[in-house]
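J.: For reference, the structure I am asking about is given below.
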Amino acid sequence: MNISLLGKIYIDLYVGSNKVIHGIGKLYKKCIYLPIKILNNGFWLGILDRKDFHDLDYYYFSKMQKGYHVSEWNLQGLLDWEKRVIELWFQECHSIMLTGAGAGREVIALEKMGYHVDGFECNPDLVKSGNKILEQIGAHAKLQLMVRDKYPEVLKQYDGIIVGWGMYMLIRGRNTRIHFLKGLHTKIRENGPLLISFFPRQDRKYYHITAKLANLMKAVLGREPMEIGDDLTECFYAHHFTKEEITSELREAGFELVHYGIRERYSFLPEYGYAVGCRLSN
């Protein structure tokens with residue numbers, strides 16, 4: 001994949017400065033780190049476009065995070081919070097669609113639990129790595145390539161749908177996310193559970209100021225504005241949500257929020273929010 005010059009510059013600067021910025025942040029988080037983060041992320045959110053964000057996402061998960069491609073990661077099973085949600089809300093399901101499947105961690109775990117799982121992923125490198133692992137362990141499931149930010153066009157319905165770990169927050173724009181959910185609404189049986197996960201907003205003032213700075217740049221460049229909650233996390237774009245946003249987007253797409261939680265920190269990863277919606281009738 002060809003990455004734009006701006007994207008390459010951002011990656012180089014991120015890799016070179018990340019340790020320094022985080023080192024400063026540990027000592028001077030309030031007075032230095034946060035303003036630097038706002039200026040840095042607001043600037044880059046302002047000048048990068050949608051294709052750049054897609055390219056950064058591809059580069060991060062294909063080149064920078066090779067760990068997501070290996071057997072050790074993908075054979076570890078579900079995380080504790082995932083197990084609890086599956087046991088509570090998916091116990092009556094037999095078939096599951098899983099979008100944003102990565103290289104198959106959730107697909108493998110769910111198949112071992114007795115579910116029939118169809119996995120879909122937009123990153124071709126992860127699909128290739130995942131299918132190699134699935135073949136090696138003799139799994140029945142196979143990963144299929146899906147169009148980024150689009151729901152899989154399959155001619156079947158499922159008992160339940162899982163939007164893979166963090167995928168939902170990688171979709172830029174409320175309207176695009178709701179269109180995605182509306183597509184999933186047609187692929188799930190009535191009252192079927194839908195699981196999504198995301199970063200929750202913490203310092204809300206940070207997101208308001210960052211969005212204002214980014215949109216000054218967007219206005220000058222004549223580009224689509226950013227939303228409050230848009231951010232650059234690690235080296236990729238991600239939208240951070242409030243509970244009210246999640247509830248509203250699910251409802252507009254035809255789902256009722258039935259469960260919302262914030263999971264504990266996992267290893268090197270920050271807190272995640274997760275939500276279960278049930279499909280309402282048309």
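The values are calculated or read from the model by the stated rules, or taken from the named source; none is laboratory data. Remember, predicted model here, so these are calculated numbers, not experimental data. When we count neighbours, we look across all protein chains shown, and the Cβ atoms used for this are built from the backbone with ideal geometry, even at glycine. The protein model used for the area step is the full one, side chains on, heavy atoms only, and it has no ligands, DNA or RNA in it. Shrake-Rupley method; radii C 1.70, N 1.55, O 1.52, S 1.80 Å.
J.: Among the residues of the stretch 41-75, how many are in contact with a Leu (Cβ under 8 Å, 6 or more places away or on another chain) and farther than 20 Å from residue 173 by Cα?
T.: 4
J.: Taking only the stretch 41-81 into account, find how many residues are open to solvent by less than 20 Å² (accessible area, probe 1.4 Å), of a type in the set (D, E, K, R) and free of Cβ contacts under 8 Å to residues at least 60 places away in the same chain.
T.: 2
J.: Condition check: of a type in the set (Ser, Thr, Tyr) and touching an Asp or Glu at 6+ places or on another chain (Cβ under 7 Å). Does residue 71 satisfy that?
T.: no
J.: Give the stretch 175-215 a look and list any residue that's in a helix (DSSP H, G or I), in contact with a Gly (Cβ under 6 Å, 6 or more places away or on another chain) and open to solvent by 10 Å² or more (accessible area, probe 1.4 Å), or say none.
T.: 185, 207, 213, listed by residue number.
J.: Please go through (1) open to solvent by 40 Å² or more (accessible area, probe 1.4 Å); (2) under 24 Å from residue 263 (Cβ atoms); (3) not in a loop (DSSP other than H, G, I, E, B) for residue 120 and return the number of the only condition it doesn't satisfy.
T.: (1)
J.: Given (1) over 22 Å from residue 273 (Cα atoms); (2) at pLDDT 95 or above, where does residue 155 come up short, assuming only one miss?
T.: Failed condition: (2).
J.: Looking only at the stretch 261-282, count how many residues are open to solvent by 30 Å² or more (accessible area, probe 1.4 Å) and either at pLDDT 95 or above or acidic (Asp, Glu) (or both).
T.: 2
J.: Any idea which of (1) open to solvent by less than 40 Å² (accessible area, probe 1.4 Å); (2) under 25 Å from residue 48 (Cβ atoms) is the one residue 250 doesn't satisfy?
T.: (2)
J.: Does any residue of the stretch 123-145 turn out to be under 24 Å from residue 66 (Cβ atoms), open to solvent by 20 Å² or more (accessible area, probe 1.4 Å) and in contact with a Cys (Cβ under 9 Å, 6 or more places away or on another chain)?
T.: Yes, that holds for at least one residue.
J.: Something else: Go through (1) in contact with a strand residue (DSSP E or B) (Cβ under 6 Å, 6 or more places away or on another chain); (2) under 24 Å from residue 4 (Cα atoms); (3) open to solvent by 10 Å² or more (accessible area, probe 1.4 Å) and name the single condition residue 111 misses.
T.: (2)
J.: Considering the stretch 130-170 alone, what residues qualify as being polar (S, T, N, Q) and over 14 Å from residue 119 (Cβ atoms)?
T.: Once the filter is applied, which keeps residues that are polar (S, T, N, Q) and over 14 Å from residue 119 (Cβ atoms), the stretch 130-170 yields 136, 157.
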